[in-house]
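Enquirer: Supplied in structure tokens, the structure appears directly below.
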Amino acid sequence: PRGTQVKNGWGPLGKRMPVSSSKAHVFPLSLEARMGGKRHAKIVPAARCTEQRKSSPACENLFLRDTDDGDPVAKALACQKAEHTFAKMPCGIMDQFISVMGKEGHALLIDCRTLETRLVPLTDPNLVVLITNSNVRHTLTGSEYPTRRRQCEEAAKVLGKASLREASMSSLEASKALMSEEVYRRARHVIGEIERTVKAEEALQSKDYKRFGQLMVESHNSLRDDYEVSCAELDELVAAALEVPGVYGSRMTGGGFGGCTVTLLESSATENVVRHLKERYSRTATFYCTKASDGSKVHPLP
């Protein structure tokens, strides 16, 4: 599968990987609004193809290519249904949408209430999106993801809303006494992320990368403190990245409890950032220097 192109190939810092490899990755870029009312600003790995049963929207997209009727939304929804019924993962729609609709040089803003999308230009040649794999494994099919979703639904019910997408921070504060502290913090994260997503699109449209980076850091802090899906290793990588000049922002990405961070930086700072992370990180990380590119597709190897 082909996602965001990395330096000199489709693998970690120059290593070319065949589609059949259990380590093949797809890294599309997105701004997203997940189901359950959440809308996030994210740069995420959309799929990892392995021999195990994993969340692999990009692979599902490829498997459907021969039956494509030209409706990308229907295709993405079919991929999501496979996640729900086969992998038993009550996921949102972000990974599927970016795998189907990703376009080179753009982020993708997804409205999960209406299923409308909008491409957001991200073509500055002086920017690099650095994906750093903590090499700490996470298990999305465990209890934490469904638990977070149930907590968000509980908060929405207390607020009298169909989803937290319709809620405001003021209404949440007014109803704080009616829910547990944990449910309140989950809702505060979601509502805050919705607001950050709107601001993140505006920042990208105006090429205000400093502001976008600040929003990335705010998002990570909220994921760490309110949503509680980060881990010590991810926090360590984010903090270390922010110490290097030329870094705009950094945050965890994906399901949390391990996995990857994503860092937006000036291209000239790439070597310094990678070197610094190698020195500061207590484990061994893997690095992917990426640019926004098309969604998943068959990429013949020579």
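The values are calculated or read from the model by the stated rules, or taken from the named source; none is laboratory data. Just so it is clear, the model here is predicted, and its values are computed rather than measured. Here the Cβ positions follow ideal geometry from the backbone for every residue, glycine too, while neighbour counts run over all protein chains shown. Surface accessibility is based on the protein's heavy atoms, side chains included, excluding ligands, DNA and RNA. Shrake-Rupley method; radii C 1.70, N 1.55, O 1.52, S 1.80 Å.
Enquirer: Among the numbered criteria (1) open to solvent by 10 Å² or more (accessible area, probe 1.4 Å); (2) touching a helix residue (DSSP H, G or I) at 6+ places or on another chain (Cβ under 8 Å); (3) closer than 20 Å to Ala107 by Cβ, which one does Met179 miss?
Expert: Failed condition: (3).
Enquirer: Continuing with the same structure: When you check Lys199 against the structure, is it open to solvent by 70 Å² or more (accessible area, probe 1.4 Å) and either at positive phi or free of Cβ contacts under 8 Å to residues at least 12 places away in the same chain (or both), yes or no?
Expert: Details: open to solvent by 70 Å² or more (accessible area, probe 1.4 Å): yes; either at positive phi or free of Cβ contacts under 8 Å to residues at least 12 places away in the same chain (or both): no.
Criteria not met by Lys199.
Enquirer: Condition first: open to solvent by 10 Å² or more (accessible area, probe 1.4 Å), hydrophobic (A, V, I, L, M, F, W, C) and not in a helix (DSSP H, G or I). Now tell me which residues in region 86-116 satisfy that.
Expert: Cys91, Leu109, Cys112, Leu115
Enquirer: Related question: Only one residue in Ala240, Ala269 is in contact (Cβ under 8 Å) with a residue 12 or more places away in the chain, in a helix (DSSP H, G or I) and under 22 Å from Asp124 (Cβ atoms). Which one? Write out each step before concluding.
Expert: Details: Ala240 fails: under 22 Å from Asp124 (Cβ atoms).
Every option except Ala269 fails the conditions.
Enquirer: Report yes if some residue within region 278-299 is farther than 27 Å from Ala187 by Cα, among the charged types (D, E, K, R), in contact with a Gly (Cβ under 8 Å, 6 or more places away or on another chain) and surrounded by fewer than 19 Cβ atoms within 10 Å (Cβ to Cβ); otherwise report no.
Expert: Yes, because at least one residue in region 278-299 is farther than 27 Å from Ala187 by Cα, among the charged types (D, E, K, R), in contact with a Gly (Cβ under 8 Å, 6 or more places away or on another chain) and surrounded by fewer than 19 Cβ atoms within 10 Å (Cβ to Cβ).
Enquirer: Please list, ordered by first then second residue, the pairs with beta carbon atoms under 8 Å, 6 or more apart or interchain, first in region 273-297 and over 20 Å from Gly259 (Cβ atoms) and in a helix (DSSP H, G or I), second of a type outside the set (S, T, N, Q) and open to solvent by less than 80 Å² (accessible area, probe 1.4 Å).
Expert: Listed by first residue and then by second, the contacts come to His276/Ala240; His276/Ala241; His276/Val244.
Enquirer: If I go through region 119-144 residue by residue, how many of them are of a type in the set (D, E, K, R) and modelled with pLDDT of 95 or more?
Expert: Within region 119-144, the subset of a type in the set (D, E, K, R) is 124, 137, 144.
Right, trim to modelled with pLDDT of 95 or more and you get 124.
So the answer is 1.
Enquirer: Kindly indicate whether Thr263 is under 14 Å from the mean Cα position of the chain (by Cα), within 20 Å of Gly105 (Cα to Cα) and modelled with pLDDT of 95 or more. Step through it out loud before you land on a result.
Expert: Values: under 14 Å from the mean Cα position of the chain (by Cα): yes; within 20 Å of Gly105 (Cα to Cα): yes; modelled with pLDDT of 95 or more: yes.
It is true that Thr263 is under 14 Å from the mean Cα position of the chain (by Cα), within 20 Å of Gly105 (Cα to Cα) and modelled with pLDDT of 95 or more.
Enquirer: Exactly one of (1) of a type in the set (Lys, Arg); (2) closer than 28 Å to Val129 by Cβ; (3) crowded, with 16+ Cβ neighbours inside 10 Å is unmet by Lys207. Its number?
Expert: Checking Lys207 against (1) of a type in the set (Lys, Arg); (2) closer than 28 Å to Val129 by Cβ; (3) crowded, with 16+ Cβ neighbours inside 10 Å, the one that fails is (3).
Enquirer: What are the residue pairs meeting all of these: first residue in region 83-110, first residue on the phi > 0 side of the Ramachandran plot, second residue in a loop (DSSP other than H, G, I, E, B) and of a type outside the set (A, V, I, L, M, F, W, C), Cβ atoms under 7 Å, and 6 or more apart or on different chains?
Expert: Lys88/Thr141; Gly105/Thr123
Enquirer: Could you check how many residues of region 266-299 are modelled with pLDDT of 95 or more, farther than 13 Å from Ser134 by Cβ and not β-branched (Val, Ile, Thr)?
Expert: Step one: of region 266-299, the residues modelled with pLDDT of 95 or more are 266-289.
This time we only want the ones that are farther than 13 Å from Ser134 by Cβ, so: 266-276, 279, 289.
Keeping just the survivors that are not β-branched (Val, Ile, Thr) gives 266-269, 271-272, 275-276, 279, 289.
The total comes to 10.
Enquirer: In addition: Just to be sure before I move on: is Lys157 exposed (fewer than 14 other Cβ atoms within 10 Å of the Cβ), among the basic types (Lys, Arg) and modelled with pLDDT of 95 or more in the structure I sent?
Expert: Values: exposed (fewer than 14 other Cβ atoms within 10 Å of the Cβ): yes; among the basic types (Lys, Arg): yes; modelled with pLDDT of 95 or more: yes.
Yes; evaluated as a whole, the condition is true for this residue.
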